[in-house]
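Notes follow the structure.
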Amino acid sequence: MALNDEKPYVVVWNDAVDLRHLAASIVICVAAGLPVFLGAKALFGALVDTPSLAGGYALLAGLAACVLAAAVCARLFRPKRTFGAEQAADREAAIAELERMGGTAEAFADLAPRVRAEMAELGLVRETAQEVRA
Amino acid sequence: MTPDLLWALGMGLLGAVVFAAIGLVSGTDETSTLAPVTLLVVLLGVPPAGVLTFFIAGAVSKHMTHAIPTTLLGIPGDTTAVPLLDDATALRRLGAPHIALRKALAGGLVAALIAVPVAVGVASLLAPLAGPIKTVAPFVFGAAAIFVGYFSPGRWASVAAIVPFALLVTGLNTVATDQLDKSLSISFFLGIAIGPLVVDLLIASSRSGRRTLERTGPRPFWLAPDGGTGRRWIPNPLRILDRRQAAATAAAAGVTSTTFMLSPVAATVLAGEITGSRIKHPYRRLTTLMAVKNGTTESTYLAETLIPLVAFGLPLSPVAAGPAAALFNAPPVYTVKGADGGVHNLHTLLSSWQFLVFSLLGVVIAGLVVYPFAMRYARAASGWVARRISHEALIGAFVALIAVVAWYEGGPLALAVSLTVGAVGGLANRMLGMTSGVQFMAYYVAVLLVPIVLG
């Protein structure tokens with residue numbers, strides 16, 4: 001297998017990322033969040049009398065900076081996701097799947113009419129089944 | 001209108017909108033989002049009624065929108081949505097992901113409306129026990145830690161790991177008290193909450209560890225077509241569920257909202273097993289399970305928050321110790337161990353009636369604002385998130401958020417504590433199956449029980 005067959009991304013925290021982009025994102029967000037928080041803390045500390053409230057406002061400013069930085073990162077680094085073709089669900093495959101799970105015609109006959117109607121609407125019923133007309 | 005009610009309405013609306021947005025982002029952990037943001041609301045000085053409504057509306061909204069990635073994208077919206085994933089995936093293969101979503105949303109709303117009054121009622125019955133429980137609270141936390149540990153995936157390993165974990169917390173807190181003249185709490189919570197992320201990042205930065213990470217191409221992602229919801233702006237949940245589904249959901253919600261020691265994930269799995277084993281036809285079983293499971297998550301979550309809060313004022317449940325921690329303990333505003341040794345938090349600031357009214361208000365706000373939105377725009381919203389918000393940006397934001405909040409509590413030392421706890425806790429979670437719920441309990445063991453044992 002050639003080296004360039006290697007897949008480009010790794011899975012971190014349940015989704016695909018480019019490690020270089022990830023490192024850059026973390027640096028950008030922390031570099032925005034922490035200094036803004038510390039600056040705001042100094043500023044509000046001088047302006048507001050209650051220290052705990054000043055800390056709270058500084059926290060809010062720091063978090064806002066984190067969110068803004070994340071928005072910038074979202075623009076810089078695109079998601080590593082691709083879109084599958086939006087095929088309409090294949091009805092025949094879905095019915096086969098349902099039967100494999102145990103959803104046979106006999107089991108279907110035992111269902112309440114409301115459930116049968118719901119399934120018919122989804123196309124999960126073979127037209128040959130008599131129960132549809134019931 | 002009283003100022004309390006105005007605060008409750010405003011903060012409820014804010015909580016609903018903020019957490020509806022966060023819920024859309026798949027993979028965000030419940031605890032690592034709800035806990036710090038609620039803490040912020042407390043620290044900013046919002047009155048108790050506003051804090052409570054904010055939290056309840058936020059939690060219920062998040063549980064509604066997290067069902068969207070779970071059902072439509074096949075990625076768990078967050079940790080509490082994991083038990084729903086298999087059934088949601090099966091329904092996706094049947095071409096009915098939108099049905100899965102609607103059943104989950106309807107089940108969640110029905111369960112939330114039942115859970116609030118039941119939980120407040122149970123709490124009022126338990127309240128006379130509050131005195132005795134408070135005197136033995138440290139030991140109750142010890143027992144609770146073992147109980148929660150035993151029911152975690154790690155079983156006995158989780159139970160065994162409570163001791164070293166509690167000692168680690170004690171040690172770090174001693175160092176912090178030495179250096180800062182105050183103990184830390186927020187930094188420990190954050191560390192435990194983001195443990196899995198810290199471990200993943202450490203492995204990714206390790207030259208030998210990187211090779212063990214799963215490699216992948218661009219992740220394929222397929223959005224299911226939508227079938228429309230009808231004309232009503234607020235689709236009646238009792239029309240979306242059939243009568244037996246509504247009854248099963250209500251029964252599960254009623255029963256689970258009297259319990260407050262099992263983790264929501266455990267209760268959800270249990271309720272799913274009991275309900276699922278009784279239904280033969282796969283379509284009916286899967287759709288019923290979506291309603292019952294999402295409903296159970298909701299009811300357990302609310303009960304675990306409200307029962308300890310209303311009855312004891314002590315965070316005696318995995319949810320109360322985790323995502324809802326700020327309602328109990330957010331020094332200097334709320335505390336479980338004040339200067340007089342007593343509790344000073346929502347428990348002492350609100351009456352049972354106020355708990356009932358403001359919690360229900362939170363559920364109703366989520367039901368009016370987020371439920372119809374999720375029913376209608378689920379597909380567009382999750383498509384936008386998957387197309388626009390890269391995972392890198394999300395992780396960056398979370399790391400920065402942790403850095404800022406930990407620094408807020410105690411400067412660089414607190415940040416180091418967060419990362420230490422995150423690394424150890426994350427490894428224990430990954431390797432031993434010691435979930436963050438067990439770790440939160442171990443934290444309380446360290447704070448309340450260890451000083452007594454050590455004398």
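Counting other beta carbons within 10 Å of each residue's own, what order do B:K103, B:K280 fall into, fewest first?
On the way: B:K103 32, B:K280 12.
Ranked by crowding around the Cβ, least crowded first: B:K280, B:K103.
Shielding by partners for B:404-413, please: the mean number of other protein chain Cβ atoms within 10 Å of each residue's Cβ.
Averaged over the peptide's residues, the number is 4.
Per residue of B:190-198, how many C-beta atoms from partner chains lie within 10 Å of its own C-beta, taken as a mean? Walk me through the numbers on the way to the answer.
Details: counts 0, 0, 0, 0, 1, 0, 2, 3, 1.
Whole-number average of other-chain Cβ neighbours for B:190-198 is 1.
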Legend entry - Cβ-based exposure ranking for B:Y150, A:Y57, in which fewest neighbours within 10 Å come first: B:Y150, A:Y57
Inset, instruction - Would you mind calculating the relative contact order of the stretch B:116-274 from Cα pairs under 8 angstrom and at least 6 residues apart, reporting the percent as a whole number? - result: 29 percent
Inset, instruction - With a/c under 1.5 counting as rounded, go ahead and sort the stretch A:9-76 into rounded, prolate or oblate using the C-alpha gyration tensor (a ≥ b ≥ c being the square roots of the eigenvalues; past the cut-off, prolate if a/b is larger than b/c, else oblate). - result: prolate
Legend entry - Calculated [θ] (222 nm, deg cm²/dmol) that DSSP helices of n ≥ 4 give over chain B, each run adding -39,500 (n - 2.57): -22500 deg cm²/dmol
Inset, instruction - Could you tell me which of A:A58, B:V110, B:W407 has its Cα farthest along the dipole of the protein assembly as shown towards the positive end, charges placed at Cβ (Lys, Arg +1; Asp, Glu -1), taken about the Cα centre? - result: B:V110
Legend entry - Global form of the stretch B:165-320, assessed from the alpha-carbon gyration tensor, a/c cut-off 1.5: oblate
Inset, instruction - At 0.36 nm per residue, minus the direct Cα-Cα distance, what do B:K182 and B:I146 gain on full extension? Give it in nm, one decimal, please. - result: 10.1 nm
Legend entry - Assigned charges on the beta-carbon of Lys, Arg, Asp, Glu; the protein assembly as shown dipole about Cα centre (debye): 900 debye
Legend entry - Ranking of B:S152, B:S205, B:S185 by count of other Cβ atoms within 10 Å, fewest first: B:S205, B:S185, B:S152
Inset, instruction - Report the one residue of B:F355, B:L73, B:I192 whose Cα lies farthest in the direction of the positive end of the charge dipole of chain B (charges on C-beta: Lys and Arg +1, Asp and Glu -1; origin at the Cα centre). - result: B:L73
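Quick note: the coordinates plus some simple rules give every number you see, no bench work behind them. Fair warning: this is a prediction, and the values are worked out from it, not measured in the lab. Note that we place each Cβ from the backbone using ideal geometry, even for glycine, and neighbour counts take in every protein chain shown.
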